[in-house]
Amino acid sequence: MLRCLITLFYNSLSLEEILKEKPEHKRDLSLISLMSDSVQMLNSSDKGWFRSLFVHKVDARKDAHSNLLSKKETSNLYKIQFHNIKPECLEAYNTLEAEVQKRLHQDQDYPCEVVGSWNTWYGEQDQAVHIWRYRGGYPALTECLTKLNNNKEYLEFRKERAKMLISRRNQLLLEFSFWNEPLPRPGPNIYEMRTYYLKPGTMIEWGNHWARAIKYRQENNEAVGGFFSQIGDLYVVHHLWAYENLQSREDTRNTAWQKEGWDANVYYTVPLIRSMESRIMIPTKSSPLQ
């Protein structure tokens, strides 16, 4: 049979021509013909059962991933801020930021609340990370910004804060429907923010896998919140975890690998990632997440 295939390949002969020259290979040629017909049948339709065994298909999107993956029962919008601070100003920055957060929390006219504030311990140094929640979505965000831009005290705070900063950036986020809503918790804890930069068009597939996988990471109450970007850097996912310490983090992550199904989640989601980073963070004294 192998000799027949070689003859076909190099001499570009048809099956009928070979049969005339080599009638003793009739049985092999019949098998080759059957194989050829089968391959053509599979290639003619993406829905062939044989192909489905090997190709991981994802249903075509019929809606924006923000509608398919976010929580329907809430209209929360989140903002994450990354502030890179002059090293000599970090303590003064934390004090100033805590005072402003306290005032905004106490004033019911502002439809926003800080979810958590941290300083990066391992990762980008001299950095502050803040997550804000706007209950009411984009209208709440717009209302809050309009009021703050007319608040002379807040404008003075921004001028003072600007003297302490090297750079800053932010993103607007939605929370995944299958993740816990981030709620205040006692400490002491360390927090890990794992940030994934996904390939464009893969957010739905990511969400489908993690909707099943999150159950493997609830045992020690380590899951705090899961978010995906809407404005700013796009196709970005942030997973926020809490641990007692670094050793607890190591033990918890190792335990997940002992659970059937976790390995499959990693196997299918790793190809969706362009790059990723991890930062270990310490909550500030005023952070609701301690």
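The values are calculated or read from the model by the stated rules, or taken from the named source; none is laboratory data. In this text, all values refer to a predicted model and were calculated from it rather than measured experimentally. Methodologically, a virtual Cβ is constructed for each residue, glycine included, from the backbone with ideal geometry; neighbour enumeration extends over all protein chains shown. These area figures cover heavy atoms from the full protein model, side chains too; ligands, DNA and RNA do not enter into them. Shrake-Rupley method; radii C 1.70, N 1.55, O 1.52, S 1.80 Å.
List of remarks:
- Taken per residue, the accessible surface of region 76-283 reaches 49 Å², heavy atoms only and a 1.4 Å probe.
- 3J(HN,Hα) couplings calculated from phi for region 76-90 with the Karplus curve 6.51 cos²θ - 1.76 cosθ + 1.60 (θ = phi - 60°) are, in sequence order, 6, 10, 10, 10, 10, 10, 10, 10, 9, 10, 4, x, 6, 10, 4 Hz; Gly and Pro show x.
- Estimated vicinal HN-Hα couplings, Hz - region 265-276 in sequence order (Karplus 6.51, -1.76, 1.60; Gly, Pro = x): 4, 5, 4, 8, 8, 4, x, 7, 9, 7, 7, 8
- Surface share of carbon and sulfur [accessible, 1.4 angstrom probe, percent] for region 119-198: 55 percent
- For the pair Asp233 and Trp121, label points projected 7 Å from Cα toward Cβ lie 2.2 nm apart.
- On region 200-280, 48 percent of the accessible area sits on carbon and sulfur atoms, based on a 1.4 Å probe.
- Here the extension length gained between Ser177 and Thr95 equals 26.1 nm, from 0.36 nm per residue of separation less the Cα-Cα distance.
- Note on Trp132: accessible area is roughly 20 Å² with a 1.4 Å probe, heavy atoms of protein only.
- Table column - 3J(HN,Hα) (Hz), region 109-124, Karplus curve with 6.51, -1.76, 1.60, x for Gly and Pro: 6, 9, x, 9, 8, 7, 7, x, 9, 9, 10, 6, 9, 10, x, 6
- Approximate spin-label separation Glu88-Lys152, in nm, with each point projected 7 Å along Cα-to-Cβ: 3.2 nm
- Estimated at 0.36 nm per residue, the fully extended path between Glu219 and Asp109 surpasses their Cα-Cα distance by 35.8 nm.
- Segments 85-96, 194-205 sorted - mean Cβ within 10 Å per residue, highest first: 194-205, 85-96
- In this simple spin-label approximation, Asn245 and Met276 carry label points 7 Å from Cα along the Cα→Cβ vector, and these lie 2.6 nm apart.
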